[in-house]
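For reference, the structure is listed below as structure tokens.
Taken together, the values in this text are just the output of simple stated rules run on the coordinates, not laboratory data. As the structure is a prediction and not an experimental result, all values here were calculated from the model. Here the Cβ positions follow ideal geometry from the backbone for every residue, glycine too, while neighbour counts run over all protein chains shown.
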Amino acid sequence: MEKRQKIYEGKAKILYTTDDPGLLIQYFKDDATAFNAQKKGTIAEKGIMNNRIATKIFEYLGREGVKTHFVKLLSDREMLVKRVEIVPVEVIVRNRAAGSLCRMLALPEGLELDGPTLEFCYKKDELGDPLINEYHIRALKIATDEEVGKITKMAFGINEALKKFFLKLNIELIDFKLEFGRHQGHIILADEISPDTCRLWEVGTGKKLDKDRFRRDMGNIEEAYQEVLRRVTR
Ligand code: TMP
Ligand code: ASP
């Protein structure tokens with residue numbers, strides 16, 4: 001698959017066109033940011049690890065019946081994906097309180113939630129990705145009600161599938177972020193799922209195996225990603 005031109009560069013990935021107009025190459029960088037890019041750094045080999053981890057997760061979700069943009073792994077840092085129109089909403093599912101939910105509601109980290117929660121954040125860097133609800137999404141024509149319904153159903157379904165997937169690896173899925181895209185009139189899962197976009201705690205020890213180690217300067221970041229990769233590929 002021939003790589004043509006760069007069409008988008010985000011904080012952690014780059015998208016390139018290919019000789020097929022329906023397909024893009026998603027390239028994973030080592031760059032890491034946090035708190036809306038106020039904190040910047042690199043995590044050695046992160047791109048390689050996240051590309052492999054995201055591949056394993058997309059393959060698993062595909063087997064579970066989830067429609068995703070993933071086509072195939074191409075190289076160390078590249079996967080082939082379907083070209084979609086991204087819905088500019090970050091969809092966050094939480095099983096335990098952590099991160100911004102703890103800050104917003106003064107909750108203790110790790111508090112078990114009585115059933116999973118769902119949040120939408122408007123993807124607008126200049127605003128710091130503000131929390132919005134389905135009325136804002138409708139009022140601003142960000143997505144149709146039908147799309148929001150589909151996204152909600154898919155997000156909770158993906159949560160159930162991923163909780164099961166990680167539990168088998170002795171990892172608890174605390175929360176995660178998804179992005180969806182429009183593809184041939186349907187909503188499909190896009191972007192990536194990796195330790196950059198999930199909170200993953202080792203069962204028993206509570207050890208953090210995700211980007212919180214970078215956000216909070218906890219050290220052993222590469223080792224944590226490596227550990228997730230080792231478990232998902234074993
Ligand atoms: P939060 O607690 O900071 O809102 O994050 C919730 C989850 O979403 C966590 O697993 C990290 C992930 N996330 C992203 O992938 N990208 C983002 O820009 C943000 C804010 C969170
Ligand atoms: N990646 C996001 C940023 O740069 C936030 C995060 O993951 O904490 O700000």
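Of all residues in the stretch 78-114, those satisfying the criterion of being out of contact with any strand residue (DSSP E or B) (no Cβ under 9 Å at 6 or more places or on another chain) and either within 16 Å of ligand 2 (Cβ to nearest atom) or within 26 Å of LYS150 (Cβ to Cβ) (or both) are CYS102, ARG103, ASP114.
When HIS69 is tested against (1) within 16 Å of ligand 1 (Cβ to nearest atom); (2) of a type outside the set (Asp, Glu); (3) surrounded by 13 or more Cβ atoms within 10 Å (Cβ to Cβ), just one condition goes unmet, and that condition is (1). Of LEU24, LEU15, all but one fail to be closer than 28 Å to ARG213 by Cα and more than 16 Å from ligand 2 (Cβ to nearest atom); the exception is LEU15.
So in the stretch 31-73, with the set limited to residues that are charged (D, E, K, R) and under 16 Å from the mean Cα position of the chain (by Cα), which one is nearest to ligand 2 (Cβ to nearest atom)?
ASP31
Residues in the stretch 167-179 that are more than 14 Å from ligand 1 (Cβ to nearest atom) and touching a residue at least 40 places away in the same chain (Cβ under 8 Å): LEU169, ASN170. Here the condition is being of a type in the set (Asp, Glu) and away from ligand 2 (no atom under 16 Å from the Cβ); of GLU147, GLU126, it holds for GLU147 alone. If you go through the stretch 12-49 one residue at a time, how many are closer than 12 Å to ILE221 by Cβ and within 12 Å of ligand 1 (Cβ to nearest atom)? Going through the stretch 12-49 one residue at a time, the tally reaches 2. The listed residues are LEU131, LEU229, and the only one of them that is out of contact with any Asp or Glu (no Cβ under 9 Å at 6 or more places or on another chain) and either free of Cβ contacts under 8 Å to residues at least 40 places away in the same chain or over 15 Å from VAL87 (Cβ atoms) (or both) turns out to be LEU229. Just one of the listed residues (LYS153, LYS163) is within 16 Å of PHE58 (Cα to Cα), surrounded by fewer than 20 Cβ atoms within 10 Å (Cβ to Cβ) and within 19 Å of the chain's Cα centre (by Cα), and it is LYS163.
Among the residues in the stretch 156-175, are any of a type in the set (Gly, Ala, Ser), within 24 Å of CYS102 (Cβ to Cβ) and away from ligand 2 (no atom under 16 Å from the Cβ)? No, the stretch 156-175 has no match at all.
Does the stretch 181-234 hold any residues that are within 16 Å of ligand 1 (Cβ to nearest atom), among the charged types (D, E, K, R) and part of a helix (DSSP H, G or I), and which are they? Residues satisfying the conditions are ASP212, ARG213, ARG215. When restricted to residues that are of a type outside the set (Asp, Glu) and assigned to a helix (DSSP H, G or I), the stretch 97-148 contains 14. The set of residues in the stretch 206-226 that are within 16 Å of ligand 2 (Cβ to nearest atom) and either in contact (Cβ under 8 Å) with a residue 60 or more places away in the chain or of a type in the set (Asp, Glu) (or both) comprises ASP210, LYS211, ASP212, PHE214, ARG215, ASP217, ILE221, TYR225. Within the stretch 1-66, which strands (runs of 3 or more DSSP E) (wholly inside it) include 1 or more residues that are in contact (Cβ under 8 Å) with a residue 12 or more places away in the chain and crowded, with 17+ Cβ neighbours inside 10 Å? Output list reads 13-18, 23-28, 31-34.
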